[in-house]
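In what follows, a structure is listed as structure tokens, so that the remarks can point back to it.
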Amino acid sequence: MSILLGAPVWYGNRPFEKTLEELHKLELDYFEFSLDYPLPDCMHESERRDIKSLLEEFGMNIAFHSPLDIAVAHPREELADASMTVVRRCMDFSAEFLPLSLYYNFHLHPRVSTFKLEEVRAQIKTKGLRRCHEITKMASELGILVSVENDLVPFVWSDLILEALSAPNLYFTFDIGHAIMAELLSNDGQKSSSYLDYIERWIEKCGAKILVVHLHDCNLTAKQDHLSIGKGELDFDRVFELLKRTNCKYVLIETFWRNKEKEEMNYEEVRKNVEFCRSYL
């Protein structure tokens, strides 16, 4: 598997220049930049130039994660319209980093409490597919690869994403932990099958469209994800066997917590995760 390895960066990782230097020391290929408020508007032109210069100096790339505080497929059109305005601004920002920009990742399912109702899901699907088409069209006009990520929604309710992926210019960001936790939470903690089955059915359905994998460990008992690799219960020999069936080009080590006590990651722990993943890639 010839795959680029990355790590997430968000607003709290300032100063960004220092963060990039640390990621470069870890020999990471890229980072995924989360554009949560107040990004990208708060970045002055000089700061953007500095990041581009460091990327070129270090031989690194950048990818982007759309803001989490918006809902492009929200059934309330006013909220969806406002969210699309923000997405356009963020995609314009990501295009400034071409050709160093690898992809633009976004979430599609809105966080609506009535989503469990079939008639509401049907409305969201119709509106979501339209918005998804608009996003892929924007990305195509800007020359950006765009990828949609699975949310904490069980597979049987994920027809919105599955149908959206029929578009030739839309790719898939497969979050391993989201796939597992969505099933555990929907079953009220009762595991009806192995977590490997949860991963495998996504890969069987979407493996050819998987561009990015968000990788992290999970504590199945406590229903925690985004743990440092090796600090949860996943069998990564088996996980990487499954990933070899996909067309994945980028693996993001999306580990926020060092352990189940949710102690925050540090660079030494990230280094261990990088070395572990390199042994498979």
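Annotation: peptides 127-134, 108-115, 28-35, 11-18, ranked by per-residue average of other Cβ atoms within 10 Å with the highest first, follow the order 28-35, 127-134, 108-115, 11-18.
Relative contact order for the chain: what is it in percent, counting Cα pairs under 8 Å that are at least 6 residues apart?
Numbers: 469 pairs, mean separation 46.1, N = 281.
So the answer I get is 16 percent.
Relative to one another, the C-alpha centroids of segment 67-124 and segment 236-281 are positioned 26 Å apart. This model, with +1 at the C-beta of Lys and Arg and -1 at the C-beta of Asp and Glu, gives segment 5-97 a dipole about its Cα centre of some 60 debye. Listed cross-link partners K244/K272; K223/K272; K116/K244; K18/K209; K249/K272 are compared with a 27 Å cut-off, the Cα-Cα value being larger for K116/K244; K18/K209. Per residue, the convex hull spanned by the Cα atoms of segment 4-278 measures out at 123 cubic angstrom. With the Kirkwood sum run over all distinct C-alpha pairs, segment 203-281 has a hydrodynamic radius of 13.0 Å.
Is there a quick way to get the dipole size of segment 117-163? I mean about its Cα centre, with the Cβ of Lys and Arg at +1 and of Asp and Glu at -1; what is the value in debye to the nearest 20?
On the way: 6 positive and 8 negative charges, 33 e Å.
The calculated dipole for segment 117-163 is roughly 160 debye.
Neighbours of P75 by Cβ distance under 15 Å: Lys/Arg scored +1, Asp/Glu scored -1, total +3. Of the beta bridges in the chain, as assigned by DSSP with both residues counted there, near 10 percent are antiparallel. Remark: the chain carries a charge dipole of roughly 540 debye about the Cα centre, counting +1 on each Lys and Arg Cβ and -1 on each Asp and Glu Cβ.
Just to verify a number: FRET efficiency for L79 and D237, C-beta to C-beta distance, R0 = 51 Å, to 0.05?
Numbers: r = 43 Å, r/R0 = 0.85.
Efficiency, from the Cβ-Cβ distance: 0.75.
Find the relative contact order for segment 68-159 and round it to a whole percent, using C-alpha pairs within less than 8 Å whose residues are 6+ positions apart. Write out the running numbers ahead of the final one.
Numbers: 89 pairs, mean separation 34.9, N = 92.
Relative contact order for segment 68-159 comes out at 38 percent.
Per the Debye formula on identical point scatterers at the alpha carbon atoms of segment 1-40, with no solvent, log10 I(q)/I(0) at q = 0.19, 0.23, 0.26, 0.33 Å⁻¹ is -0.56, -0.75, -0.89, -1.16.
Each value in this text was obtained by applying a stated rule to the coordinates, not by laboratory testing. Quantities reported herein were computed from a predicted structural model and do not represent experimental measurements. With ideal geometry, Cβ positions are generated from the backbone for all residues, glycine too; neighbour counts draw on all protein chains shown.
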